[in-house]
Amino acid sequence: MTIPWMEPLVPRPPAPRTVPEPPRRGEPGGEPCAICTDSATPAVWSDEHWTLHPPVGGSLPGAVWVASTEHVDSFCDLSPSAAASFGPMCARVERAVLSLGDVGRVHLNRWGDGGAHFHVWFLPRPLGMVEASGAMLPLWEDVLPNVTDEELRKAAEAVGAAMG
């Protein structure tokens, strides 16, 4: 793993804590939920519990995000049937992303700080790009040159098609 910046980097002290935290999209007092209002990128695949979407403004073709069809915040809020389907769905997405080729690993990430609608990200680490292993991949994704949104959408459509 290697960070995508040259040395020397200097640690920054944390800012004072913000309590209470500001509302996220989809929470009372926050902006409307983009997923529930159909303002997010259109899904390229869906089933009873999940929708699969392409990102915009990204550098990794094959990156996709998956949202729950129910507006819940976290794993612990999912309905029992959605929770039970999460693992098998993740395996299907991983196999579909790997089928694109030129992918070393598929990383699964959930941050949850931007929106209150449960969603996870699948990020393909380019084959051979070992400096982007582990936690470095999202950092590298931010500094690599973006590809077109059309390329991201086409790769996501291929992932959706491989999902069946």
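The values are calculated or read from the model by the stated rules, or taken from the named source; none is laboratory data. Nothing here was measured: the structure is a model prediction, and the numbers come from that model. Note that we place each Cβ from the backbone using ideal geometry, even for glycine, and neighbour counts take in every protein chain shown. Areas reflect the complete protein model, heavy atoms only, side chains present, ligands, DNA and RNA absent. Shrake-Rupley method; radii C 1.70, N 1.55, O 1.52, S 1.80 Å.
Where Lys and Arg each count +1 and Asp and Glu each count -1, what net charge lies around Val44 among other residues with Cβ under 9 Å from its Cβ?
Details: positive: Arg153; negative: Glu157.
Around Val44, the charge tally is 0.
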Review point. So who's got an amide H within less than 5 Å of the one on His107, skipping anything under 5 residues away but keeping other chains? H placed 1.01 Å off N, in plane.
Key: Leu123, Arg125
Review point. When only alpha-carbon atoms count, how far does the chain stretch along each of its three principal axes, as whole angstroms with the largest first?
Key: 46, 44, 28
Exercise for review: Determine the sum of side-chain charges near Phe86: Lys and Arg each +1, Asp and Glu each -1, restricted to other residues whose C-beta is under 13 angstrom from that of Phe86.
Suggested key: -3
Point to revise | Any cysteine of the chain lacking a neighbouring Cys Cβ under 4.7 Å - listed by number | key: Cys76, Cys90
Point to revise | Placed amide H near Trp45: partners under 5 Å, 5+ positions off or other chain | key: Leu52
Review point. In debye to the nearest 20, how big a dipole does segment 1-77 give about its Cα centre with +1 on each Lys and Arg Cβ and -1 on each Asp and Glu Cβ?
Key: 440
Check your understanding: What whole-number value in Å² describes the accessible area per residue of segment 96-164 for a 1.4 Å probe?
Key -> 49
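Roughly how big is segment 31-164's charge dipole about its Cα centre, with Cβ charges of +1 (Lys, Arg) and -1 (Asp, Glu), in debye to the nearest 20?
On the way: 7 positive and 17 negative charges, 92 e Å.
In debye, rounded to 20, segment 31-164 gives about 440.
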